[in-house]
Amino acid sequence: MSKFKEKVFEIVRRVPEGKVVSYGQVALMAGIPRAAIQVGWVLHISDESDKLPWWRVINNAGRISTTCLEHTAQNQKEKLEKEGVKVTKNLKIDIEKYRFRPNPKFLQNLSLEDEYIFKLMEKYGI
DNA sequence: GCTATGACAAGGA
DNA sequence: CTCCTTGCCATAG
């Protein structure tokens, strides 16, 4: 398994209940700032959907964007609402309200370079 | 190593 | 706000 996948798993696995992250945010925390679409790919091919809270990952526009037949958008909506995250009928979410902002220690465990930590602070106010 | 493929992002219309 | 286009980059073939 590639480093990239491992990082994505590590990060998504630690997103707490009732919180969400964007694909781009996960990509940045994985050390590859513009690989947001690959994050979606990792979640898509993952067969560990029971261990991985994939439904807490949405796009930066605050929208559910899965097209996966086994993990539908409606399915994701239900899981999120069960955790207290409000999702409109148009599958939109107030992402800034629920966004997961990891503490410095979390980022240290990922051995993330300062450059990326700075970008996270700049973009998401971590 | 090259091309096609996306559960994306950002900016323009 | 909603589409559309362009840029991105890890994988699959």
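Here A:12, A:8, A:39, A:26 are screened, and the one residue that is in a helix (DSSP H, G or I), under 12 Å from the mean Cα position of the chain (by Cα), away from DNA strand B (no atom under 11 Å from the Cβ) and aliphatic (A, V, I, L, M) is A:8. Of all residues in the stretch A:81-109, those satisfying the criterion of being of a type in the set (Lys, Arg), part of a loop (DSSP other than H, G, I, E, B) and without any contact (Cβ under 8 Å) to a residue 12 or more places away in the chain are A:86, A:89. Among the residues of the stretch A:104-126, write down those that are among the hydroxyl-bearing types (Ser, Thr, Tyr), buried (at least 17 other Cβ atoms within 10 Å of the Cβ) and either out of contact with any strand residue (DSSP E or B) (no Cβ under 8 Å at 6 or more places or on another chain) or modelled with pLDDT under 90 (or both). A:116, the sole residue that qualifies.
Filtered by the rule that a residue be surrounded by fewer than 23 Cβ atoms within 10 Å (Cβ to Cβ), closer than 17 Å to residue A:117 by Cα and touching an Asp or Glu at 6+ places or on another chain (Cβ under 9 Å), the stretch A:1-45 gives a lone residue, A:31. In the list A:72, A:88, which residue meets the criterion of being over 11 Å from the mean Cα position of the chain (by Cα) and more than 16 Å from DNA strand C (Cβ to nearest atom)? Selected residue: A:72, the only one of A:72, A:88 that is over 11 Å from the mean Cα position of the chain (by Cα) and more than 16 Å from DNA strand C (Cβ to nearest atom). Among the residues of the stretch A:93-102, none qualifies, meaning not one is more than 11 Å from DNA strand C (Cβ to nearest atom), closer than 19 Å to residue A:1 by Cα and of a type in the set (A, V, I, L, M, F, W, C).
The values are calculated or read from the model by the stated rules, or taken from the named source; none is laboratory data. Computed from a predicted structure; not experimentally measured. A quick note on method: Cβ atoms are made from the backbone with ideal geometry, for glycine too, and the neighbour counts reach across all protein chains shown.
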